[in-house]
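Asker: Mind looking over this structure? Questions follow.
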Amino acid sequence: ARHIHLSKRDLEKLFGRGYKLKKLKKLTQPEEFAAKETVDIEIGSKRISNVRVIGPGTAVKTQLELSKTDGIILGTVLLVRDSGDIKGTSGAVISGPKNKIIIKEGVINTQRHIHCNPKEAKKLGLKNGALVSVKTLGNLSITFHNVKIRVRKSYKLCMHLDTDEGNAAGIMRSGEGKIIM
């Protein structure tokens, strides 16, 4: 679902100096959590409220990840990018309880991807940065192409789709699929 990764600097501007995010729930990746905190975002005259902040709040640059439908609601074209690749993307006004900030870039539709650690990657024959296809299982089976592999020691095997992609495949919170090389 839509969410935002905040840099430490922007986190403190929005929530106050020295602010620490409060954990709402763990996410699939061990380093991240859904925080209790939310922000509101504006692009032009359009607004989406209660966008979940993802902890720990140590992003190099603030990045807002939205679905294509969110882009339509906000009246902006979202570029499909890898996480962290925000150069030349849309900006937004972000409102927190203490302040508003303007990011000149950082609003993206994240490239669908699979997280895995080196051991899982080796077992599955996957290489960091490779593109694979994944066929989902279930009544609304669909094949996703150009799924990027991300390998990092701290990762746990999991595919990430945006809300629109998950809905198209009939996935509610979690589902199963088969990697097709």
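The values are calculated or read from the model by the stated rules, or taken from the named source; none is laboratory data. Please read all numbers here as calculations on a predicted model, not as lab measurements. So basically every Cβ, Gly included, is an ideal-geometry build from the backbone, and we count neighbours across all protein chains shown. The area values use the complete protein model at the heavy-atom level, side chains included, leaving out ligands, DNA and RNA. Shrake-Rupley method; radii C 1.70, N 1.55, O 1.52, S 1.80 Å.
Asker: Quick one: in region 86-95, of everything that is in a loop (DSSP other than H, G, I, E, B) and within 23 Å of LEU14 (Cα to Cα), which residue is most open to solvent (accessible area, probe 1.4 Å)?
Answerer: Let us first name the residues in region 86-95 that are in a loop (DSSP other than H, G, I, E, B), namely 86-89.
Checking which are within 23 Å of LEU14 (Cα to Cα) leaves us with 86-87, 89.
Working: ILE86: 13, LYS87: 159, THR89: 12 Å².
For region 86-95, the residue satisfying everything is LYS87.
Asker: Could you list, in sequence order, the residues of region 1-30 that are touching a residue at least 60 places away in the same chain (Cβ under 8 Å), surrounded by 18 or more Cβ atoms within 10 Å (Cβ to Cβ) and farther than 28 Å from GLY175 by Cα?
Answerer: Those that are touching a residue at least 60 places away in the same chain (Cβ under 8 Å), surrounded by 18 or more Cβ atoms within 10 Å (Cβ to Cβ) and farther than 28 Å from GLY175 by Cα: ASP10, LYS13, LEU14, PHE15.
Asker: Would you point out the residue of region 154-181, among those that are open to solvent by 60 Å² or more (accessible area, probe 1.4 Å) and part of a loop (DSSP other than H, G, I, E, B), that is nearest to LYS127 (Cα to Cα)?
Answerer: Result: MET181.
Asker: Sticking with this one: If the Cβ limit is 7 Å and pairs must be 6+ apart or interchain, which residue in region 31-44 that is under 21 Å from ASN117 (Cβ atoms) and touching a residue at least 12 places away in the same chain (Cβ under 8 Å) pairs with which residue that is open to solvent by 60 Å² or more (accessible area, probe 1.4 Å) and charged (D, E, K, R)?
Answerer: PHE33/LYS23; PHE33/LYS25; PHE33/LYS26
Asker: Is it the case that some residue within region 58-73 is among the basic types (Lys, Arg), open to solvent by 50 Å² or more (accessible area, probe 1.4 Å) and within 17 Å of the chain's Cα centre (by Cα)?
Answerer: Yes; the residues of region 58-73 include at least one that is among the basic types (Lys, Arg), open to solvent by 50 Å² or more (accessible area, probe 1.4 Å) and within 17 Å of the chain's Cα centre (by Cα).
Asker: Within region 130-153, count every residue that is assigned to a loop (DSSP other than H, G, I, E, B) and either crowded, with 17+ Cβ neighbours inside 10 Å or hydrophobic (A, V, I, L, M, F, W, C) (or both).
Answerer: Going through region 130-153 one residue at a time, the tally reaches 4.
Asker: Next up: Out of everything in region 103-121 that is of a type in the set (A, V, I, L, M, F, W, C) and closer than 20 Å to SER67 by Cα, what residue ends up being surrounded by the most Cβ atoms within 10 Å (Cβ to Cβ)?
Answerer: Going through the qualifying residues, I end up with VAL107.
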